[in-house]
1. Find, among the chymotrypsin sites (Phe, Trp or Tyr not before Pro) in the stretch 391-477, those assigned to loop by DSSP (not H, G, I, E, B) with at most 16 other beta-carbon atoms within 10 angstrom.
2. Mind sorting Arg366, Arg532 by how few other Cβ atoms lie within 10 Å of their own Cβ, fewest first?
3. Once Lys and Arg get +1 and Asp and Glu get -1 on their Cβ, which of Phe453, Ala68, Ile286 lies farthest toward the positive end of the dipole of the chain?
4. With Rg and Dmax of the Cα atoms in Å as the read-out, I listed (1) 29.1, 123; (2) 31.0, 100; (3) 32.5, 113; which label goes with the value calculated from this structure?
5. Which shape class, rounded, prolate or oblate, goes with the stretch 526-618 when its Cα gyration tensor gives a ≥ b ≥ c as root eigenvalues, a/c under 1.5 marks rounded, and past that a/b bigger than b/c marks prolate?
6. Please report the Cα spread of the stretch 2-68 along all three principal axes, rounded to whole Å, starting with the longest.
7. Pick out, from Thr45, Thr402, Ile128, the residue whose Cα sits farthest towards the positive end of the charge dipole of the chain, with +1 on the Cβ of Lys and Arg and -1 on the Cβ of Asp and Glu.
8. Helix-only estimate, please: 222 nm mean residue ellipticity of the chain, summing -39500 (n - 2.57) across DSSP H runs of length 4 or more and dividing by its residues, to the nearest 500.
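Where a number appears in this text, it was derived from the coordinates with a stated rule and is not lab data. Every value quoted in this text rests on a predicted model; they were computed, and no experiment measured them. Here the Cβ positions follow ideal geometry from the backbone for every residue, glycine too, while neighbour counts run over all protein chains shown.
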Amino acid sequence: MEKVSWKVEGMTCSNCALSVNKVLQKQGMQHIAVNPINGDVVFETASANGNVEKAKKNIELLGYTVKADGTETTSKPAKKFLKTHLQKFWFCLPFTLLLMLGHLGMTFNLHLLHNPVVQLVLCLPVYIVGMSYFGKSAINSLRSGVPNMNVLIALGATAAFVYSLIGLITADVSKIFFETSASIINIVFFGEWLEHMTVQKTQKAIKELTRNEKVMANMIAYDDQHNEHVFPVENTHLKVGDLLLIKTGEQVPMDCKILSGEVEVNEAIITGESLPVFKKLNDILIGGSVIANGTVKTYVTAVGKETVMNSIVQMMKQAQGQKPPVQKLADKISAVFVPAVITISILTLAVNYFFAGQNFQESLMRSIAVLVISCPCAMGLATPAAIAVGLGRAAKEGILYTDTKSMELFKNIKQIVFDKTGTLTNGKFTITNFKSEIDTEEFKKLVFSLEKFSNHPIAKSITEAWKTSSPLKFKKVEEIKGVGMKGEDKEGNIVLIGSAKMDETIQDVSHHLYVTKNGAMIGWLDIADELRPEAKEVISYCKRKNIKTILLSGDTYAKSRLIADELELDEVIAEQTPKQKLDKIEQLVNEQPTVMVGDGINDAPALAKATISISLSKASQLAIQSASVVLMDSGLKKLPLAMQLGKHTYGTIKGNLFWAFLYNVVAIPIAAVGLLTPTAGALVMGLSDVVLAGNSLWLKWKKLD
């Protein structure tokens, strides 16, 4: 299977996305994901499938523009007459205004504009422009099997135009209302432009991230005399391994590793924190961050789609395309909305004419008003607009939602489980004491040589403290999850380093790590780990929200109890292997919705089982995460904000859906009984989407609690 990525321009709601999805399904595409807000479309197809071009053509027939993701056109695109909705609006406006004046001609004594032939001439340009967009899109949406909002607009405008044309032919002036047809088209053009502009504002956060991609870099090169030269090059031309010089005030062009020098880096674009972070030899600099002070020589470690920044942007885009459970009902209604409205419109015409004593013209006006006031886009826009703003605000604060379902689930959370090491503690360990039955230097060398194969934070701290240039060699190394490390040297000696659980014969369990060789104890180590400074405040927040707090650790009960007492946690579950952690999380989730917070290194299985999994990871480790939410500054302090944003985003979605349903439930009957003209209906319909987008944008500044 081949993965295809497109950018489809012109979509505004999930009804549009449904149309695109259905076209792709008909052409045999699989694993289709369509994001109506940013236009991203991803699907898989058999490599020999020739239907991709056919699908592209059919989507463009719906009125959308398809572009292959990441492609750049070398030639300038041909200028299209009346390309945007705003241009069409301005073109149609003079004709529409003259028609409206003609409609009021008896009052203003404008007899020429009241002439039916003149009105037809004025209406024709507007109708032709309108049908070239709404009509074409409507017909093709009907062919695709998913009728869109343009069907309603095209039907309404055409009904008014044809009825007026009949009035002109039969010389019945009372049947002529060309201004209704023109005003519907003109107002909807303006409404769609306004909606498009408002929805685009919900994408501001992602645009701010991608805007930092193209910068100039100082590339280092050497001539045949080994003299160093620095010359500027655009970062898009960089390759992995290129040497760069980055100075104070410059943006890091791509992900790099420091070869020499020390700097302070502003990583606000990644973590939301404006305070500079100190970086030294072998530290990673993230593309898009800014050097606040210092100069370093680096080499490029990742470019293009492999960079941390691109990973964040792609995760945000994928998350935007996901649908939380609350959207499912709206999607079902949207799928049948247009046929239902057409049915209601026909019934409105029949009931008003045959049973309510209205003449045909008035009955038709009410029927048209029903068509143009109905808004399936409102229901389709409710969720993606709110999610786009919620994700954007979260990203700006250093919070990455990889699964938008968690936003809805946060409202049900009653308990939260914390891992200890690297989560409630800062994960930076120091060796406070140790004892060796062999030579001290040999003991340190032995411990370093085995622990260097582990990614556990304790192992990393030990290897950093006891680093040696001549490590011992093992022919076999194995990591025993939740226990420690096991190694076998060339002579067949078995060395174990781990907790007291690795050997049941250990009597004194007061130390953190024990070292045995061929079953004989040769030493132990004591390790200290500080609590994160923000841990107490985060636990206090959970208590204020009546959320039960649980510590789940592989450490001894005594050490875990000390941490729990200091932070006033509600429950301690200690001395757990990764398998036991997994089983415990499953049990807790079965009891009630549960959040698990871990560092994402050895908690991945348990994290995956939680209702919502939150990982405290540095941005450079994002690719290995399996969490629903990632706190990118590797700290706990953003946890309350992540929970608040989830709940408030869900609240905004609910508010949007309520407005969308209420609007249609109230507006359609009002139009059916003649309290709104088709022109007023078109205006109200256009503004309804703007109200939804505006309510979503409010989430950007809303005070959270």
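1. On the way: sites: Tyr401, Phe410, Phe418, Phe429, Phe434, Phe443, Phe448, Phe453, Trp466, Phe474; in loops: Phe453, Trp466.
Counting only loop positions with at most 16 other Cβ atoms within 10 Å, the chymotrypsin sites (Phe, Trp or Tyr not before Pro) in the stretch 391-477 are Phe453.
2. On the way: Arg366 26, Arg532 21.
Fewest-to-most Cβ neighbours within 10 Å comes out as Arg532, Arg366.
3. The one lying farthest along the dipole's positive direction is Ala68.
4. (3)
5. Values: a/c = 1.40, a/b = 1.12, b/c = 1.25.
Rounded, because the longest to shortest axis ratio a/c is under 1.5.
6. 32, 20, 19
7. In the chain, that residue is Ile128.
8. On the way: 23 runs with 322 residues, N = 705.
Here the helix-only value at 222 nm equals -14500 deg cm²/dmol.
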